Structure formats: structure tokens, C-alpha cells
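Undergrad: The structure is given below, and queries will be raised subsequently.
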């Protein structure tokens, strides 16, 4: 089984012809599941105007400067931010077009590509993803619903061994509380060793773990044990919903937000090989910032969503031993002889395809013998032959490959005759 990646970079994926049925099936399964859960499909642009990313928004995105984004720019003109991270496109669309309703959440999804840089691998990666977002509901049931949808999709696609990793990053207040707790637990001379991660408690915890690995006298606190009452209750409710749904999960304190701006609940779902198939989390603060920019008088709170990585899902399924490359049934082969015959044959190809039938042709080959060899190798029984004489007479020759019997048919009766022969052929196959 060929791996659907480019040879130069396994983090950028090609989709080969033999995988496209599986690719389409995966996207269709995801879309069906989301639409059954009341999500509506939207299309967002691949880029957003650079001016949209104000200094305040960059801070919310946990970015220091615009250069941390991927920007296409011509000379001094305003640039375009390519593949903005996370749910930015969906949240911008929702607030700009006033799709928010205080009575009911706005559930949206889109199919797009993402571009990011993996610091650990020191390499770029691009993914084809379906992004979903439930906007306007801060309740824990929406967190659980996203996980439920993702699990149902993966099970329907044939994943039997998946793992839900879940964590809570809390709020800004939780981060400050955790930082103060860290300062209490470690000696003063060590206060600055991981200071750069002050706004990212998970990275701070990982950094301190690595730097203080040999200090048995220091017991590092966990962020999850230092949540505010509000954040703790929210996370507790999420876990209770998952228990009710009988969705197994692993509490993973080291789980961090790859986008840098998720808070409260974050989750990942991994496959049998440990690759991340789904990633999601809450984006309440980001929604609040978007509404502030739009100067909405009565802001609506709460937003949670996820990204389902279509390419990783397909690659995992395609690598399985039981996966079989789909064989399309080729019904008719059209051959053309000479320049006039090839032109005429091409019109016949068009007619047959308009009828919804599968047609194979090798009109780029001039010799009839070469075309018939291809028809035999493809295993196609009905062969339509057109030469200069047939073009002038407005007729076609239909040959049966196995018996080599052939008949000449008027072009006006060509399509009905083909249907008749295909019905006879299907009956013979059944018998």
C-alpha cells in the first residue's frame, strides 16, 4: 500500500487515485455526522486581511507579533494572513454576518487546509481538515458533544481503538493562580528558569519537569489542581457527560493547546498508532474579543470546536492490511482509427459519458491494434470502433472482445444498442 505523502515531506500529503474513494467517504461521513448534529456548512477564505489582526487580537492568540503568522504581501501593501489558526475564520464569519443568536447556538463547519510549523519536529506541516464550532453556548454539554461527534465519526469509519485525551487549561485567572503556586513551590533562585511560559501553564509545567528532573525535593503542582471553582465545575461537568455517554478518556495534564489560545477544556483523539486524528477545545475568550472588535452591545459567550484531520484519518485507514484499492468497473472502450475516426470517436465518448456510463479510451494512440491491446488489458468486453468510413456513414462498429463478433449500428441507435448489450452482459455474469 503506497503511503499518500510526498516523498520529500511526510507532513505534507498527496491523495493518490486509489485513495480518493476513501477520502471522499471520510469527508462525507464527517459532514453527515455534523449535519445530523445541526451543524451548517459554510466556506471561509483561505486567508484573512492582515489589518484584521490587531495588537490586542495577537495577544489573545498568544502571539507576540504579526511575523509569527504566515503573511503574503506585495511591497508595502496590506498583506493576507494565510491559513489563520484554529477557528478564526468561523468566528470572524459568525460575528461579521451576525449569525449569533442568544436563544440558540450557531453550529457551523467548514472544509479547509491548515498550515503550521511543528517546533518539536522543526518542520512545516499541512493538513486537510474539517473544522466545526458551536458558537454561543458556554455549557459543558457542548464540549462533550464535540467529543461524541468525533468518536462516532471515527467508529463509523472503522476505528476500533481510539483514545480520548482531555485536560483543562482553565482561564486567565487560573493561569495566574498556577503561576503563583509555582513560585511558592520552587526556590526563589529558580523563579526565572521557565519564565517565558508564564502564559502557557502546560509548557511551563513541562519545562520545569525537564529542568528540575533531578530535584526530588520539589513537588511540582498540577494546573488541574489549581483551577478556579468556575473552571473546576465546568471541567467536572464535561467529564460527567462523557461518563454518561460511556466514552472512555484519559486525563492528560501534559496536553497543551497547539494554537495557543484555547482555554478551559482541550482534547485530542488519537488512533492505534498514536497519531492525532482530532484536536479541539474551548475558545470563549477569542469569541469575546471578536465581538468587542465588532462593537456588539450584548455579547454572547461560549465557543467550542474541533479539527478533524482528514489526511491523517485516510492515511491510517489506507495503511491497514484489509484495505483494498477500489476497482472501478469499466463498461465500454472506444477506439478511433485515423484522424477523422478519432474526431468522430471523441464525440461518441462524449455521448456515452453524458448517459452516465463509464468509458475508457486511448485515442492518443494512432494504431487500432495498440488501442485493442489496452482494451484487453483493462478487461472491457464492449469495444466501440470508429474510422473514416463510420464517420461518413454516421455508424459505429461494436465488437465483443471475448468472441470477437462485431456488429455495425446506426449512430441514432447507438446508445439504446449499448444499453441492450450491457443488460445481456450483466445477465450472463449473474448466470
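The values are calculated or read from the model by the stated rules, or taken from the named source; none is laboratory data. Just so it is clear, the model here is predicted, and its values are computed rather than measured. For neighbour counting, all protein chains shown are included, and Cβ atoms are generated from backbone atoms with ideal geometry for every residue, glycine included.
Undergrad: So in the stretch 150-175, with the set limited to residues that are over 29 Å from the mean Cα position of the chain (by Cα) and surrounded by 16 or more Cβ atoms within 10 Å (Cβ to Cβ), which one is nearest to residue 245 (Cα to Cα)? Write out each step before concluding.
TA: The initial filter retains those residues of the stretch 150-175 that are over 29 Å from the mean Cα position of the chain (by Cα), namely 172-175.
Now restrict to residues that are surrounded by 16 or more Cβ atoms within 10 Å (Cβ to Cβ): 174-175.
On the way: 174: 28, 175: 30 Å.
So, considering only residues that are over 29 Å from the mean Cα position of the chain (by Cα) and surrounded by 16 or more Cβ atoms within 10 Å (Cβ to Cβ), the one nearest to residue 245 (Cα to Cα) is 174.
Undergrad: I've got another one for you. Taking the stretch 120-157, which residues are part of a loop (DSSP other than H, G, I, E, B), touching a residue at least 60 places away in the same chain (Cβ under 8 Å) and over 23 Å from residue 95 (Cβ atoms)? Can you show your working first?
TA: So the first thing to find is which residues in the stretch 120-157 are part of a loop (DSSP other than H, G, I, E, B), and the list is 120-122, 136-139, 157.
Now restrict to residues that are touching a residue at least 60 places away in the same chain (Cβ under 8 Å): 121, 136-139, 157.
121, 157, listed by residue number.
For (1) over 21 Å from the mean Cα position of the chain (by Cα); (2) at positive phi, each residue gets a yes or a no:
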| residue | (1), (2) |
| --- | --- |
| 84 | no, no |
| 98 | yes, yes |
| 101 | yes, no |
| 104 | yes, no |
| 129 | no, no |
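Undergrad: Out of (1) closer than 12 Å to residue 280 by Cβ; (2) modelled with pLDDT under 90, what's the single condition that is false for residue 149?
TA: (2)
Undergrad: Sticking with this one: With respect to the numbered conditions (1) in the same structural domain as residue 262 (by TED's automatic domain parsing); (2) over 17 Å from the mean Cα position of the chain (by Cα); (3) modelled with pLDDT under 85, which one is the sole condition not fulfilled by residue 15?
TA: It is condition (2) that residue 15 fails.
Undergrad: Looking at the stretch 158-184, which of the residues that are out of contact with any strand residue (DSSP E or B) (no Cβ under 8 Å at 6 or more places or on another chain) and either modelled with pLDDT under 80 or not in a helix (DSSP H, G or I) (or both) is nearest to residue 254 (Cα to Cα)?
TA: If we take residues in the stretch 158-184 being out of contact with any strand residue (DSSP E or B) (no Cβ under 8 Å at 6 or more places or on another chain) and either modelled with pLDDT under 80 or not in a helix (DSSP H, G or I) (or both), then 161 is nearest to residue 254 (Cα to Cα).
Undergrad: Search the stretch 43-69 for residues being surrounded by 16 or more Cβ atoms within 10 Å (Cβ to Cβ) and part of a loop (DSSP other than H, G, I, E, B), and hand back the single one that is modelled with the highest pLDDT.
TA: Per the stated criteria, the residue is 44.
Undergrad: Considering each residue of the stretch 198-227, count those that are in a helix (DSSP H, G or I) and under 21 Å from residue 267 (Cβ atoms), and give that number.
TA: Result for the stretch 198-227: 10.
Undergrad: Kindly indicate whether residue 102 is surrounded by fewer than 21 Cβ atoms within 10 Å (Cβ to Cβ) and farther than 22 Å from residue 312 by Cβ.
TA: yes
Undergrad: Does at least one position in the stretch 339-354 carry a residue that is under 23 Å from residue 20 (Cβ atoms), at pLDDT 90 or above, under 46 Å from the mean Cα position of the chain (by Cα) and not assigned by TED's automatic domain parsing to the domain that holds residue 20?
TA: So far as the stretch 339-354 goes, yes, one or more of its residues are under 23 Å from residue 20 (Cβ atoms), at pLDDT 90 or above, under 46 Å from the mean Cα position of the chain (by Cα) and not assigned by TED's automatic domain parsing to the domain that holds residue 20.
Undergrad: Among the residues of the stretch 259-272 satisfying the criterion of being at pLDDT below 85 and surrounded by 17 or more Cβ atoms within 10 Å (Cβ to Cβ), which is farthest from residue 228 (Cα to Cα)?
TA: Of the stretch 259-272, the ones at pLDDT below 85 are 259-263.
Cutting the leftovers down to surrounded by 17 or more Cβ atoms within 10 Å (Cβ to Cβ) gives us 259, 261-263.
Details: 259: 23, 261: 18, 262: 17, 263: 13 Å.
Out of the qualifying residues, it is 259.
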